[in-house]
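Read the structure below first, then the notes.
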Amino acid sequence: MTHRPLIIAPSILASDFARFGEEVRAIDEAGADWIHIDVMDGHFVPNISFGPEVVRAIRPLSAKFFDVHLMIAPADPYLEAFAKAGADLISVHAEAGPHLHRSLQAIRGLGRRAGVALNPATPASAIENVLDDVDLVLVMTVNPGFGGQAFIAPMLEKIARIKAMIGDRPIDIEIDGGVTKDNAAACARAGGNVLVAGSAAFKGGAAAYAGNIAAIRDAAAQARGELV
Ligand code: DX5
Ligand code: ZN
């Protein structure tokens with residue numbers, strides 16, 4: 001099986017919104033590989049966050065890969081706006097609409113990488129017919145809508161199942177929700193290679209961010225047998 005690179009993707013949902021631009025710069029400088037951007041509509045999930053204009057506003061502040069997680073339904077009418085705003089990858093939820101395949105092809109048609117996200121209650125089998133149309137599978141390990149929730153440990157089995165389904169395809173597996181330095185090793189062992197961290201990355205103020213990211217990275221790297 002292929003070994004995809006380890007990527008740490010802090011979620012700016014956990015940043016201080018009153019200092020949003022500074023927070024994006026700080027997490028970039030602290031060693032984030034990707035910037036995870038949680039988009040919520042108050043309909044698909046019970047919270048509202050930010051739209052494409054916010055993505056556009058922060059695009060000049062970081063050269064890092066923008067990983068846009070759409071928790072919105074419908075998603076299709078907004079894909080182009082997020083692509084133009086600077087998203088490098090756009091994930092849509094399998095539960096968010098009846099034509100998942102069309103949404104994924106639309107994202108690739110916009111020249112962006114396509115991701116499919118799964119809520120905790122959705123089985124791995126929901127994506128078996130779209131694996132040739134995705135660059136990433138995002139496994140939710142909390143119920144989406146809020147940062148700071150506890151990791152749902154039984155999701156590790158689902159991650160391992162998805163890893164096996166993917167086989168040798170060049171697809172990243174992203175773990176999102178409640179990831180900390182204490183469960184990062186289990187996430188990596190199960191097959192996750194992109195670890196999202198909101199509260200665990202942004203805790204303690206900007207001076208702590210680099211250490212927070214390094215602690216998650218080191219735990220996962222060690223589990224992958226990569227730490228020197
Ligand atoms: C939840 C979001 C997650 C969240 C992660 O709906 O998709 O990305 O911000 O935050 P933590 O790491 O605090 O669970
Ligand atoms: Zn997310």
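Ligands, DNA and RNA left out, the 1.4 Å accessible surface of the chain is 53% carbon and sulfur atoms. Here the contact order of region 30-177, divided by its residue count and restricted to Cα pairs under 8 Å and six or more residues apart, works out to 18 percent. Amide H contacts for Ile7 (H built 1.01 Å from N in the peptide plane; partners 5 or more residues away or on another chain; cut-off under 5 Å): Val194, Leu195.
Projecting the Cα atoms of Met140, Gly51, Gly31 onto the charge dipole of the chain (Cβ charges, centred on the Cα centre) puts Gly31 farthest toward the positive pole. The phi-based Karplus calculation (6.51 cos²θ - 1.76 cosθ + 1.60; θ = phi - 60°) puts the 3J(HN,Hα) values of region 51-56 at x, x, 5, 6, 4, 4 Hz, whole numbers, x for Gly and Pro. Rounded to the nearest Hz, the phi-derived 3J(HN,Hα) couplings of region 7-24 under the Karplus curve 6.51 cos²θ - 1.76 cosθ + 1.60 (θ = phi - 60°) are 10, 9, 10, x, 8, 6, 4, 8, 7, 7, 5, 6, 10, 4, x, 4, 5, 4, where x marks glycine and proline.
A cut-off of 5 Å between modelled amide H atoms, ignoring neighbours fewer than 5 places along the same chain, links Phe65 with Ile35.
Give the residues of region 66-87 whose amide nitrogen is closer than 17 Å to a point set 7 Å from the Cα of Ala121 in the direction of its Cβ. Inside the label zone: 72-73. For the chain, the per residue solvent-accessible surface stands at 42 Å², with DNA, RNA and ligands left out and a 1.4 Å probe.
Of the options His3, Met71, Gly97, report the single residue whose Cα projects farthest towards the positive end of the charge dipole of the chain (beta-carbon charges: Lys, Arg +1; Asp, Glu -1). Final value for the positive-end residue is His3. Going by Cα centres, region 3-57 and region 160-216 are how many Å apart? Result: 15 Å between the Cα centres.
What size of dipole, in debye to the nearest 20, comes out for region 137-228 about its Cα centre when the only charges are +1 on Lys and Arg C-beta atoms and -1 on Asp and Glu C-beta atoms?
Details: 9 positive and 8 negative charges, 17 e Å.
Roughly 80 debye, rounded to the nearest 20.
The phi-based Karplus calculation (6.51 cos²θ - 1.76 cosθ + 1.60; θ = phi - 60°) puts the 3J(HN,Hα) values of region 186-195 at 5, 4, 5, 4, 5, x, x, 10, 10, 10 Hz, whole numbers, x for Gly and Pro. Annotated for the chain: lysine pairs at least 8 residues apart or interchain, Cα distance under 27 Å, count 7. Averaging the sequence gap over all C-alpha pairs within less than 8 Å and six or more residues apart, then dividing by the number of residues, gives region 1-84 a relative contact order of 31 percent. Remark: the Asn143-Met165 segment gains 5.6 nm on full extension, using 0.36 nm per residue and subtracting the alpha carbon distance. Under a model in which nothing but the beta-carbon of Lys, Arg (+1) and Asp, Glu (-1) is charged, region 55-195 shows a dipole of about 300 debye around its Cα centre.
The values are calculated or read from the model by the stated rules, or taken from the named source; none is laboratory data. Only a predicted model underlies this, so the values are computations on that prediction, with no experimental measurement involved. Every residue, glycine among them, receives a Cβ derived from its backbone with ideal geometry; neighbour counts consider all protein chains shown. Heavy atoms of the whole protein, side chains included, go into the accessibility calculation; ligands, DNA and RNA do not. Shrake-Rupley method; radii C 1.70, N 1.55, O 1.52, S 1.80 Å.
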